[in-house]
Amino acid sequence: MSSTIGFIGLGLMGKPMALNLLKKGFPVVVHSRSRGPVDELVGAGATAANSPADIAKAATRIVTMLPDGPDVSLVLEGQ
């Protein structure tokens, strides 16, 4: 598959969704504030990114699974 999926936010909804993309064979690049879910997904075949900006550089599609509007603004408008 040619599309690399970037996934930002690996909480209760994000982690299972990213795992399902991996199971379907998509290359997935992940980032989250908590390192535990990132490490778990890397163990399942994902690639870790150091920041949302790194996700934007690596992915052709990006999914954000964040708790609320201010968090989305911080990710989209932050460094």
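When Val30 is tested against the conditions (1) open to solvent by 60 Å² or more (accessible area, probe 1.4 Å); (2) in contact (Cβ under 8 Å) with a residue 12 or more places away in the chain; (3) under 21 Å from Asp71 (Cβ atoms), the lone failure is (1). Pairs meeting the criteria (first residue in the range 51-79 and in contact (Cβ under 8 Å) with a residue 40 or more places away in the chain, second residue among the basic types (Lys, Arg) and in a helix (DSSP H, G or I), beta carbons under 9 Å, at least 6 apart or on different chains) are Met65/Lys15. Among the residues here, Gly45 does not qualify as open to solvent by 40 Å² or more (accessible area, probe 1.4 Å), free of Cβ contacts under 8 Å to residues at least 24 places away in the same chain and assigned to a helix (DSSP H, G or I). Of the residues making up the range 48-66, those that are exposed (fewer than 14 other Cβ atoms within 10 Å of the Cβ) and of a type outside the set (Gly, Ala, Ser) are Asn50, Lys57, Thr60, Arg61. Regarding Ser2, is this residue open to solvent by 30 Å² or more (accessible area, probe 1.4 Å), touching a residue at least 24 places away in the same chain (Cβ under 8 Å) and farther than 16 Å from Val75 by Cβ? When the stated conditions are applied, Ser2 passes them.
Filtering Ala49, Ala18, Ala44, Ala53 for residues that are touching a Gly at 6+ places or on another chain (Cβ under 8 Å) and of a type in the set (A, V, I, L, M) leaves a single hit, Ala49. Just give me the residues in the range 5-31 being in contact with a strand residue (DSSP E or B) (Cβ under 8 Å, 6 or more places away or on another chain), of a type in the set (A, V, I, L, M) and under 16 Å from Val72 (Cα atoms), in sequence order. The answer is Ile8, Leu10, Val30.
All of Gly9, Gly69, Gly25 fail the test of being crowded, with 19+ Cβ neighbours inside 10 Å and either at pLDDT below 95 or at positive phi (or both), apart from Gly9.
Of all residues in the range 48-71, those that are over 11 Å from the mean Cα position of the chain (by Cα), part of a loop (DSSP other than H, G, I, E, B) and either of a type in the set (A, V, I, L, M, F, W, C) or within 12 Å of Gly6 (Cβ to Cβ) (or both) total 1.
The values are calculated or read from the model by the stated rules, or taken from the named source; none is laboratory data. Keep in mind it's a predicted model, so treat the numbers as computed, not measured. All Cβ positions, even for glycine, are placed from backbone atoms using ideal geometry, and neighbour counts span all protein chains on display. For the accessible areas, the whole protein counts, side chains as well, though only heavy atoms, and no ligand, DNA or RNA atoms are used. Shrake-Rupley method; radii C 1.70, N 1.55, O 1.52, S 1.80 Å.
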